[in-house]
Amino acid sequence: SEIPPVLPMERIAPDEVRDLGRGRWLLDFGRAFSGVLHFDMGMPTPIVPDGYPRAHGFEAATRKGDSFITVIYGESLEMMTGDINRVLVAGMGLHDGGPRHVSNLKGEQDNSKCFPKDHEGVLSQRDVFVFPGKGGGGSGGGDKTAAEMISRVRQSHFTTHGFRFAEICCTATAPVGVHALLYRTAHAEWGTFDSSNVLLNGGYELVKNAMKSNMLSVQSDCPHREKLPYGGDLVANSPAALHMFDMSAFYKKTVRDWMDAQWDNGAYTETSIWQNLNDPEGIGKGAGETVWATAPPVITVRHMQHYGDIDFLRETLAAHDRWLKFLTKEFDRGMEEKGMGKNLMKYFGEGSGLGDWLALRGRDTYLTHVAFYMAAARCVAYIANKLGERTPARRSMAQANMIRRRIALLYMKNGRDNFDFPLGRADHTPGPELGLFTRIVPGEKRCAVLKNWFRRSGEIWTGDEETLFLKELPASLKEEMTWTGELTKDGDEYDMGWSQWQGFNEGIFGIGYALKTLSDFGFHHIALRKAAGFGFGTPEYFLRHNATTMWESWWRSEDLYSRNHPMLGALAEWMPAAVAGVALHPNTVGGRRALFWLRLPRSAAMLEYASAVQGSAVGDYAIAWRFEDLPDDKIKYDSAYAKVRIRVLVPPGGVGTLRLPVGSSKRTRYSISKSATFPDFSVAQREADAKCVKRRRRRLGFPFSWEYDRANKSWYKMANSKAIGTPCESFLFGVMPLAAQW
């Protein structure tokens, strides 16, 4: 089927318009997205200042005597000037704030030779609207005067930009009637998650906003610079995208793009459009990094589970089998050339490859290479089996089992039951979480490996911006953060660090492996602590720095890493599946079966209620649960006995498997009933949505932000309630009163 078109899906009004002086105006739209400005009543009348503010000049128009309006777009503000942080958008160039925010001396990152002169040393997101003359005819001539043209222009039709902020220059008065249009592929949005926990909600929103920003015909990494479909990003985040949106046509196009780019020798590339960006990280001969290049078969299998398109399996099997045959022929040679021979006796981690990208720990790149060689074999076996192709199915599954045994032998060889490479020190990622989640760890060893995984601890972090933050933080706030555990103190020195069990250190793959392993193996309360943790290495850290989309890195960057990047977004798949308790069943085809697996927190202090909707080809599956009969005093939540009420919705034609939690004591009782009448879901949904909109307008979400005082060069904490993270309750508890017929 045809992929839906890219369309304007939302119209967003600015929260604030600021006068920056010299005819320059800053518009803040409150959240980041991909789109353009739309001038409802035409462009504002341009003026010609004595000198154009940085990057707002356009020499070609000035030479001809033409007037123009420029718009510069960005996702954040430069903390030293208050202007749009252009270098953070480009990821390179000279920083407006000078050497404070570059790792090298000023000038050493100057790539201005590659950029248009008017961009002034930084490749910028910019629209320029040029009009003939200075408001009434001029060098451009033509049948229309400049004034007429100005009144008729509404927006750029050339491209979209990733932004929250936009600077308009140069006009004498503030622009009026300006909105932003959010553009993305017009696929249906059918997955939701809500809970009573602001941090969980906020993390989910960060990911969904970043996903929406990066869905313009391809699933990109960021909406303002590369805009590339990286395979590793899709492997990590396609489950979250499949939860949130109907990706049926979109992902068929994605896999077909990779098949179009497949080399004659069977090698798949790192991105669906070959760019020669990280080819040295693969095993050679055109192959992308193994995880990234295995995206096509992985997405094909996930597509089958969600949409049941058997014809798509027929279309893709030959190409995926060619990739597996390429790996069979070239993998061991490629690893040997990289110093990662079969016995790994010269391997100390961090070898060639991308691995668990942007983790805070060291990355075990061999493990991800070989694990996704195994995944490629499993995927081909799955596809062939569904098509009744028994010979390739058996061959591929036998190959996958052989690789699994090889990994298990190597990673259990040291006798310490910590699932690590022979010379490892149990400090790389992914490690036990991957081995446990994929069932590579032998059954009789899983408890021991899990126990040893829990011995891991966090570390001090000495990143540039975090170090500067501590230097410019008042002593009283340092003491407060030490008391809450966000900082550690050694003499007069304060350090920021990351936690193993109350935050994240994992990269793009380890996040999902860790959360799922903990929840599935009976340690859901620890998974909740990680996802709802605070301080460095958590979504809360992003929120306190005014994030509205997921960042590219756990650390704060002012000169390189994107702040609109869903790469670390695997937690958004885990939330509806484990926190609320609904996901498509692992063995389903075409979304015809869902698993309702309720895993409750140990205390209502963490979570009082949660809900989620999982769309599917047969309709919406939904769940909502809440604690009832809780004590009035929340201090007593940890020791309270309470009732848990659960409501589950299964669409006609769908099948739901309900897995209830084990009772916490002999007093636990269960009762199950079903509705005797068909409820009016549409009315309940509208009412729930209206209540949620009202709550968001009251800004009942994340409560504060860190702000920088440029005059005094110090940070301060400001009470600043936000809409993001606002708790909302499910429509399922508004469908029918408890007294209704069940």
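The values are calculated or read from the model by the stated rules, or taken from the named source; none is laboratory data. Note that the structure is predicted; figures quoted are calculated from it, not measured. Methodologically, a virtual Cβ is constructed for each residue, glycine included, from the backbone with ideal geometry; neighbour enumeration extends over all protein chains shown. SASA here: full protein model, heavy atoms, side chains in, ligands and nucleic acids out. Shrake-Rupley method; radii C 1.70, N 1.55, O 1.52, S 1.80 Å.
Details
- Out of Ile511, Ile440, one residue alone is open to solvent by less than 10 Å² (accessible area, probe 1.4 Å), hydrophobic (A, V, I, L, M, F, W, C) and within 21 Å of the chain's Cα centre (by Cα). It is Ile511.
- The set of residues from the stretch 199-218 being out of contact with any Leu (no Cβ under 8 Å at 6 or more places or on another chain), of a type in the set (A, V, I, L, M, F, W, C) and open to solvent by 20 Å² or more (accessible area, probe 1.4 Å) comprises just one member, Leu216.
- For the stretch 179-198, filtered to residues that are among the hydroxyl-bearing types (Ser, Thr, Tyr) and more than 17 Å from Lys722 (Cβ to Cβ), the residue that is least open to solvent (accessible area, probe 1.4 Å) is Thr185.
- Count of the stretch 613-640 residues which are open to solvent by less than 30 Å² (accessible area, probe 1.4 Å) and either in a loop (DSSP other than H, G, I, E, B) or at positive phi (or both): 3
- Test result for Phe542, open to solvent by less than 10 Å² (accessible area, probe 1.4 Å) and assigned to a strand (DSSP E or B): no
- Matching residues in the stretch 14-29 - criterion: being touching a strand residue (DSSP E or B) at 6+ places or on another chain (Cβ under 8 Å), surrounded by fewer than 19 Cβ atoms within 10 Å (Cβ to Cβ) and part of a strand (DSSP E or B): Glu16, Val17, Arg18, Asp19, Leu20, Asp28
- If only residues of the stretch 287-309 that are of a type in the set (Gly, Ala, Ser) and in a loop (DSSP other than H, G, I, E, B) are counted, the one that is nearest to Ala249 (Cα to Cα) is Gly308.
- Selection count, the stretch 273-300, where residues are of a type in the set (A, V, I, L, M), crowded, with 21+ Cβ neighbours inside 10 Å and under 27 Å from the mean Cα position of the chain (by Cα): 6
- Checking each residue of the stretch 97-107 against the condition of being at pLDDT below 85 and buried (at least 21 other Cβ atoms within 10 Å of the Cβ) gives at least one match.
- Taking the listed residues Val582, Val589, the one that is surrounded by 16 or more Cβ atoms within 10 Å (Cβ to Cβ), at pLDDT 95 or above, of a type in the set (Val, Ile, Thr) and within 23 Å of Gly725 (Cβ to Cβ) is Val582, with no other qualifying.
- Count - residues of the stretch 397-416 that are within 18 Å of Glu444 (Cβ to Cβ), open to solvent by 30 Å² or more (accessible area, probe 1.4 Å) and touching a residue at least 12 places away in the same chain (Cβ under 8 Å): 3
- Some residue of the stretch 332-343 being part of a loop (DSSP other than H, G, I, E, B) and open to solvent by less than 20 Å² (accessible area, probe 1.4 Å): yes
- Yes/no for Val48 being at pLDDT 95 or above and open to solvent by 30 Å² or more (accessible area, probe 1.4 Å): no
- Tyr366 being open to solvent by less than 10 Å² (accessible area, probe 1.4 Å) and free of Cβ contacts under 8 Å to residues at least 60 places away in the same chain: yes
- Any chance Gly355 is of a type outside the set (Asp, Glu), in contact (Cβ under 8 Å) with a residue 24 or more places away in the chain and under 21 Å from Ala236 (Cα atoms): yes
- Residue selected from the stretch 655-688 under the condition part of a helix (DSSP H, G or I) and in contact (Cβ under 8 Å) with a residue 40 or more places away in the chain, by the criterion nearest to Tyr641 (Cα to Cα): Ala688
- Close Cβ contacts (under 8 Å, 6 or more residues apart or on different chains) running from residues in the stretch 195-211 that are under 16 Å from Ser611 (Cβ atoms) to residues that are acidic (Asp, Glu) and not in a helix (DSSP H, G or I) comprise Ser196/Glu608; Asn201/Asp194.
- Meeting the requirement of 2 or more residues that are among the hydroxyl-bearing types (Ser, Thr, Tyr), no strands (runs of 3 or more DSSP E) wholly within the stretch 438-521 can be named.
- Condition met for Ala241 (under 30 Å from Glu608 (Cα atoms) and either touching a Cys at 6+ places or on another chain (Cβ under 9 Å) or modelled with pLDDT under 95 (or both)): no
- Residue match in the stretch 272-281 (condition: farther than 30 Å from Arg593 by Cβ and at pLDDT 95 or above): no
- From the list Phe158, Phe163, the one residue that fits, being open to solvent by 10 Å² or more (accessible area, probe 1.4 Å) and either part of a strand (DSSP E or B) or modelled with pLDDT of 80 or more (or both), is Phe158.
- Residue within the stretch 485-500 that is in contact with a His (Cβ under 9 Å, 6 or more places away or on another chain), of a type outside the set (Val, Ile, Thr) and closer than 30 Å to Pro566 by Cα present: no
- Any hit, the stretch 65-81, residues being open to solvent by 50 Å² or more (accessible area, probe 1.4 Å), more than 30 Å from Ala210 (Cα to Cα) and at pLDDT 90 or above: no
- Out of Thr517, Thr548, sole residue that is within 14 Å of the chain's Cα centre (by Cα) and on the phi < 0 side of the Ramachandran plot: Thr548
- All of (1) in contact with a His (Cβ under 9 Å, 6 or more places away or on another chain); (2) open to solvent by 10 Å² or more (accessible area, probe 1.4 Å); (3) part of a helix (DSSP H, G or I) hold for Arg529 with one exception: (1).
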